[in-house]
Amino acid sequence: MKCRVCEGPPVIEIRQHNAAFCQEHFLRFCRSQVEKTIHKFKMFGHDDRILVAVSGGKDSLALWDILLELGYRADGLVIGLGIGDYSDASTAKARAFATERDLVLHEYVLEDEHGFTVPSATKATGRVPCSACGLSKRHIFDAVAKREAYDVVVTGHNLDDEAAVLLGNVARWQTDYLARQSPVLPEGNGFPRKTKPLVRLSERDMAAYCVLRGIDYIVEECPMAIGNKHLEYKDVLNTMEVASPGAKHNFYFGFLDRAAVHFQGDDGGSDGELTRCTRCGSASSNDVCSFCRLVEHTVAVEISTAPAKIIE
Ligand code: Q46
Ligand code: ZN
Ligand code: ZN
């Protein structure tokens, strides 16, 4: 196979498109897929201030790089989740990327700001780690975007991620989640717009993009991903993709084009009365929002289980 565009020697073959690309045209292909997604879903414009949620992994760093290459105004936010060496290494990769390119990177450390870490919250709640972690990340993205006056938060969810989430939601017929499964969630109630510009690109595309651009990213997976069902759903989808290239794309975009509309309005009462959280001021359906309840519960458990100090 030759590069689809220039017929030069290829560096990557993409079975889904029955195409191969040389380095230059693969990088252009990735950028054009992102640009197409931004326009199709009206995600943001060149005047908007964009906050990229950066983990130090391939997806978020590739996304940040692509947005800058496309001429968007994008800064980064990395959250120290307190997951041991993994979190330290993630922050170090994000910091190195930003420093080398002279970019603005906001750093937010969960333990410094709220007195807990993802492992301690997991222990306190007895739920899977991704539950407390996801809730904390969403709250912090919103809070930092609001505080720093960003127009939109972007995350590096790719096609594999979104197809796996969709499969999980369909497998359990979680119609409230299906109603919100879109690459764009509009702003409202003090929350910023949230978008996922990488949904046309795969995990493999993003790893190749980083290697070809010389982006140094954290390769290790999060050690607390255990119990995360999405890894199983990804395996199922990978098997389908091998048998039928394009299966993930057809599943996800077929849902957006033909099925999503049937679930609109079934989002579990998001139109219900919202009040302000009495602790942090964010919009919430309760007096205290889920994040503040998590903080208070975790800190209370930590205090009650801490070894007593002997005062002499
Ligand atoms: S960091 Fe957090 Fe992920 Fe680790 S605990 Fe789960 S959600 S897997 S993207
Ligand atoms: Zn080429
Ligand atoms: Zn709150």
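Some points to look at:
- Partners for Lys146 among aspartates and glutamates (Cα-Cα distance below 18 Å; same-chain residues under 8 apart left out): Asp47, Asp48, Asp75, Glu107, Glu113, Glu187
- Helix axis angle, 290-305 relative to the chain longest principal axis, alpha carbon, degrees: 50
- Cα-based Rg / Dmax (Å) for the range 173-277: 17.3, 50
- Antiparallel bridges, percent of DSSP beta bridges restricted to the chain (to nearest 5): 30
- Per-q log10 I(q)/I(0), the range 1-46, q = 0.18, 0.25 Å⁻¹ (Debye; single scatterer per alpha-carbon; no solvent): -0.56, -0.80
- Per-residue SASA entry for His25, accessible area with 1.4 Å probe, Å² rounded to 10: 30
- Heavy-atom accessible surface of Ile66, to the nearest 10 Å², is about 0 Å², with a 1.4 Å probe and all protein chains retained.
- Quarter of the Cα convex hull surface for the chain, i.e. its orientation-mean projected area (nm²): 18.5
- Asp235/Ser32 FRET efficiency (R0 25 Å; Cβ-Cβ; nearest 0.05): 0.25
- When the surface is traced with a 1.4 Å probe over the full set of protein chains, Phe141 keeps roughly 30 Å² accessible.
- Charge sum, other residues only, whose C-beta stays under 15 Å from Gly115's C-beta, Lys/Arg counted +1 and Asp/Glu -1: -2
- Degrees, to the nearest 10: 203-213 long Cα axis against longest axis of the chain: 80
- Model label sites at Arg279 and Trp173, defined 7 Å from Cα along the beta-carbon direction, differ in position by 3.6 nm.
- Spin-label pair Ala207/Glu7, simplified geometry with 7 Å Cα→Cβ offset, distance in nm: 3.3
- Structural size metrics of the range 71-121, computed from C-alpha coordinates, are Rg and Dmax of 12.3, 40 Å.
- Computed per residue of the chain from DSSP H runs no shorter than four, each worth -39500 (n - 2.57), the mean residue ellipticity at 222 nm is -15000 deg cm²/dmol.
- Based on C-alpha pairs under 8 angstrom that are at least 6 apart in sequence, the range 153-289 has a relative contact order of 31 percent.
- Against the empirical curve 2.2 N^0.38 Å, the C-alpha radius of gyration of the range 170-210 lands at a ratio of 1.56.
- Ordered from highest to lowest accessible area with the whole protein assembly present and a 1.4 Å probe, Asp257, Asp48, Asp65, Asp102 read as Asp102, Asp257, Asp48, Asp65.
- Whole-angstrom Cα spans of the range 57-151 along principal axes, big to small: 44, 28, 21
- Take the Cβ atoms of Glu220 and Ala96, set R0 to 22 Å, and the FRET efficiency comes out at 0.90.
- Estimated dipole of the chain in Debye, rounded to 20 [Cβ of Lys and Arg +1, of Asp and Glu -1, Cα centre]: 640
- For the residue pairs Lys196/Lys248; Lys42/Lys196; Lys40/Lys196; Lys93/Lys248; Lys58/Lys123, the C-alpha atoms sit more than 18 angstrom apart in Lys93/Lys248; Lys58/Lys123.
- Taking only Cα atoms of the range 1-95, radius of gyration then Dmax in Å: 16.3, 48
- Given their separation in residues at 0.36 nm each and the Cα-Cα distance between them, Asn189 and Ala306 gain 38.3 nm when the chain is fully extended.
- Using a simple spin-label model with pseudo-atoms 7 Å out from Cα toward Cβ, Leu68 and His297 lie 3.9 nm apart.
- Full extension of the chain segment joining Ala260 with Arg180 gains 27.9 nm, where the gain is 0.36 nm per residue of separation less the Cα-Cα distance.
- Cα convex hull volume per residue for the range 53-99 (Å³): 60
- Per the Debye calculation on the range 94-206 with a single equal scatterer at every Cα and no solvent contribution, log₁₀ I(q)/I(0) for q = 0.12, 0.14 Å⁻¹ amounts to -0.57, -0.79.
- Placing +1 on each Lys and Arg Cβ and -1 on each Asp and Glu Cβ, with no other charges, gives the range 74-205 a dipole about its Cα centre of roughly 460 debye.
The values are calculated or read from the model by the stated rules, or taken from the named source; none is laboratory data. Quick caveat, the model's predicted, so the values are computed rather than measured. In this analysis, Cβ positions are derived from the backbone assuming ideal geometry, glycine residues included, and neighbour counts consider all displayed protein chains. Ligands, DNA and RNA are stripped out before the accessible areas are found, and what is left, the full protein with its side chains, is counted by its heavy atoms. Shrake-Rupley method; radii C 1.70, N 1.55, O 1.52, S 1.80 Å.
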